[in-house]
Amino acid sequence: MRIFHKILCFHVQDILWEVLIYLMQNGYCNMKKELELYIHIPFCVKKCEYCDFLSGPAGNQAQREYMEALFREIDRTEKFEDYEVSTIFIGGGTPSVLPGEWIEELLEKVRNHFSLKTDGEISIEANPGTVDEDKLRSYRRAGINRISFGCQSGDDRELKMLGRIHTWKDFLESFSLARAAGFSNINVDLMSGLPGQSLRSWEESLEKVAKLHPEHVSAYSLIIEEGTPFALKELDLPDEEEERKMYEKTHEILEGFGYHQYEISNYGKPGRECRHNIGYWKRTEYLGLGLGSASLIGETRFHNTGKMEAYLANSGKVGEIREDREVLTRENQMEEYMFLGLRMLEGVSEREFQEKFGTSLTNIYGNVIKKYIQMGLLEQKEDRLFLTRRGISVSNPVLADFLLD
Ligand code: SF4
């Protein structure tokens, strides 16, 4: 009897091993952690009037020198062997000012260095008027499956006032070239609250873009940043009431075209939400590569130097270009969990908070939550806490209240 028992046990063990191997080979049992990559290309044709991003114009030689430095950084970066890269975002600047082959080269480097998920989301930012058929085909060859166009407005007068390099016609042309090249996941950025912009002109921009059926629309409102040409001008900006109406119209028009709002400024067709950005809001670990790019690895935040000379000279010694290392305390992590998570319309989960931090949401934020529920700005349903529609339109002070002293 004991012999039979042993044989049976061995068989059960064998079967379990077989099942485990099958699951691992078929990706059901992936023990690797998720990592997102952000790659910064700091070049633009010319600087827009409102922009304070780390970007600017540069000649072909300077651009190539930067790419060589970026390749050195990738070669010398830790291998992240316990991780699998789920999304890559090539942003800037305007990455589409570079020759398409350089982007192919870049992604080949990335693939040789990191382990990439087979169904990963790979996005590139592009400005209308800076892509052609060949470039877009290069992107597809490189495995890029999402393109994000900085359109900003459907009105040529507004585009000119913003200092954009393109017209609405240029955008239409780039958009249809991208479709022809096989891009079935396209985002369009639009901007409200522009100087002299009327509610009607904002509605028209939204409708013109929505009629093209991009899979995703990011609708931001203009922020006047210090040190930009706009900050030095006297601008005829829409007042608060006008801005609120624009925000509400955005929701109404885009929902009417089949988009759903999943974050304060972002709308997607079902299943086309930006996975990379959702990762930021859910605090997935990410590594920034390139000038000035930020990272969150484990619970440590740091960023690369924003000084081009230092980056070019030292990108091969990653320890020397990484700055402002900050290990987040438990309180910092809770704050981030709340103010990033509440940006999404699905909000945050009480159960997840308890699992992550070993204490309840009410224990830490009971008073704040109670206050905003009473004001009708937050709502609690089953396991989730989220902003109401009214809460979304005044989100900044509400989110700021989740900072712990
Ligand atoms: S294209 Fe984008 S990154 Fe470049 S200057 Fe304009 S807003 Fe800034």
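Give me the helices (runs of 4 or more DSSP H) completely within region 315-376, filtered to those with at least 1 residues that are under 30 Å from Arg72 (Cβ atoms), under 24 Å from the mean Cα position of the chain (by Cα) and touching a residue at least 12 places away in the same chain (Cβ under 8 Å), ordered by residue number.
Details: elements: 318-321, 330-341, 350-357, 361-374.
Result: 318-321.
What are the pairs, 6+ residues apart or on separate chains, where a residue within region 230-258 that is touching a residue at least 24 places away in the same chain (Cβ under 8 Å) and more than 16 Å from Arg389 (Cβ to Cβ) has its Cβ under 6 Å from a residue that is surrounded by fewer than 16 Cβ atoms within 10 Å (Cβ to Cβ) and not β-branched (Val, Ile, Thr)?
Correct list of pairs: Asp236/Gly196.
Being of a type outside the set (S, T, N, Q) and either in contact (Cβ under 8 Å) with a residue 40 or more places away in the chain or within 13 Å of the ligand (Cβ to nearest atom) (or both) is the filter here, so list the residues in region 123-141 that pass it.
Step one: filter region 123-141 for residues of a type outside the set (S, T, N, Q), giving 124-126, 128-129, 131-137, 139-141.
Result: Glu125, Ala126, Pro128, Gly129, Val131, Asp132, Glu133, Leu136, Arg137, Tyr139, Arg140.
Look through Leu287, Leu291 and report the one residue that is of a type in the set (A, V, I, L, M), modelled with pLDDT of 95 or more, part of a strand (DSSP E or B) and crowded, with 19+ Cβ neighbours inside 10 Å.
None of the others qualify; the one that does is Leu287.
Among the residues of region 143-199, which ones are within 15 Å of the ligand (Cβ to nearest atom), without any contact (Cβ under 8 Å) to a residue 40 or more places away in the chain and hydroxyl-bearing (Ser, Thr, Tyr)?
The answer is Thr167, and nothing else.
Does Glu104 fit the bill of being away from the ligand (no atom under 16 Å from the Cβ), in contact with a Ser or Thr (Cβ under 9 Å, 6 or more places away or on another chain), of a type in the set (Asp, Glu) and at pLDDT 95 or above?
When the stated conditions are applied, Glu104 passes them.
How many residues are part of a loop (DSSP other than H, G, I, E, B) and within 14 Å of the ligand (Cβ to nearest atom) when one looks only at region 58-92?
Number satisfying all stated conditions: 1.
Take region 26-57 and flag every residue that is within 12 Å of the ligand (Cβ to nearest atom) and of a type in the set (Gly, Ala, Ser). Let's see the steps before the verdict.
Start the filter on region 26-57 by keeping residues that are within 12 Å of the ligand (Cβ to nearest atom), which leaves 40-57.
Across region 26-57, the qualifying residues are Ser55, Gly56.
Criterion first (at pLDDT 95 or above and either open to solvent by less than 10 Å² (accessible area, probe 1.4 Å) or under 23 Å from the mean Cα position of the chain (by Cα) (or both)) does Gly150 satisfy it? Reasoning before the result, please.
Numbers: at pLDDT 95 or above: yes; either open to solvent by less than 10 Å² (accessible area, probe 1.4 Å) or under 23 Å from the mean Cα position of the chain (by Cα) (or both): yes.
Against the criterion (at pLDDT 95 or above and either open to solvent by less than 10 Å² (accessible area, probe 1.4 Å) or under 23 Å from the mean Cα position of the chain (by Cα) (or both)), Gly150 qualifies.
The values are calculated or read from the model by the stated rules, or taken from the named source; none is laboratory data. These numbers were taken from a predicted model, which means no experiment stands behind them. Reconstructed Cβ throughout: ideal geometry from the backbone, glycine too, with neighbour counts over all protein chains shown. In case anyone asks, the SASA skips ligands and DNA or RNA and just uses the protein heavy atoms, side chains included. Shrake-Rupley method; radii C 1.70, N 1.55, O 1.52, S 1.80 Å.
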